[in-house]
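What follows is one structure encoded as structure tokens, with my remarks underneath.
The values are calculated or read from the model by the stated rules, or taken from the named source; none is laboratory data. These numbers were taken from a predicted model, which means no experiment stands behind them. Neighbour counts are summed over all protein chains in view; Cβ atoms, including those assigned to glycine, are modelled from backbone coordinates with ideal geometry.
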Amino acid sequence: MSSGVPRTVKAVDTSELIRLDAQAIECRLNRNHCAGWLAEFADPEAVHYLWPVLVHHARHRPEFSPHWRCMLLLAMRDGQQVVSLLDVLPASFEDLPETLDAATKTEVTRRLEYGSLLTQAQWAALNA
């Protein structure tokens, strides 16, 4: 993990995740999902998890640099969990409530690092 990012995992519901993704699209950050993709494929009732892993600088958008590149544990409508990335503005991440205990945060990070999950792109290719 890079220094400068918070050492935490935060849980978000689908509507909040869609809002964060729309913000990334609006700011033209590199890691986002196409407009409407999460609404179509993410489980609307699920909890998803964001884990900041590095500080990212966008030369094309200096007003939004730095921001945090987060690993995302994403629950899909078909019941699968996949790993994805999402660029999040620091203030937006900080505004998310801390709701997870240490054991859950550890479980999520282990799943993201070692869970042999499909990536969002692999999942999309299989479900095209």
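Residue-by-condition table, conditions (1) touching a residue at least 40 places away in the same chain (Cβ under 8 Å); (2) surrounded by fewer than 17 Cβ atoms within 10 Å (Cβ to Cβ):
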{"site": "Ala35", "(1), (2)": "no, yes"}
{"site": "Ala42", "(1), (2)": "no, no"}
{"site": "Ala75", "(1), (2)": "no, no"}
{"site": "Gly79", "(1), (2)": "no, yes"}
{"site": "Val82", "(1), (2)": "yes, no"}
{"site": "Pro90", "(1), (2)": "no, yes"}
{"site": "Pro97", "(1), (2)": "yes, yes"}
{"site": "Asn127", "(1), (2)": "yes, yes"}
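Restricting the stretch 1-37 to residues that are aliphatic (A, V, I, L, M) and over 11 Å from the mean Cα position of the chain (by Cα) leaves a set whose member that is farthest from Arg69 (Cα to Cα) is Ala35. For Cys70, the stated conditions hold: it is without any contact (Cβ under 8 Å) to a residue 60 or more places away in the chain and closer than 20 Å to Thr104 by Cα. Assess whether Asp21 counts as being at pLDDT 95 or above and surrounded by 15 or more Cβ atoms within 10 Å (Cβ to Cβ). For Asp21, the condition - at pLDDT 95 or above and surrounded by 15 or more Cβ atoms within 10 Å (Cβ to Cβ) - is met. Residue selection: Val55 satisfies the criterion of being aliphatic (A, V, I, L, M), touching a Pro at 6+ places or on another chain (Cβ under 7 Å) and surrounded by 15 or more Cβ atoms within 10 Å (Cβ to Cβ). For the stretch 1-59, the set of residues classified as closer than 14 Å to Pro97 by Cα and either assigned to a strand (DSSP E or B) or of a type in the set (S, T, N, Q) (or both) consists of Thr8, Lys10, Ala11, Val12, Asp13, Val47, His48, Tyr49, Leu50, Trp51, listed by residue number.
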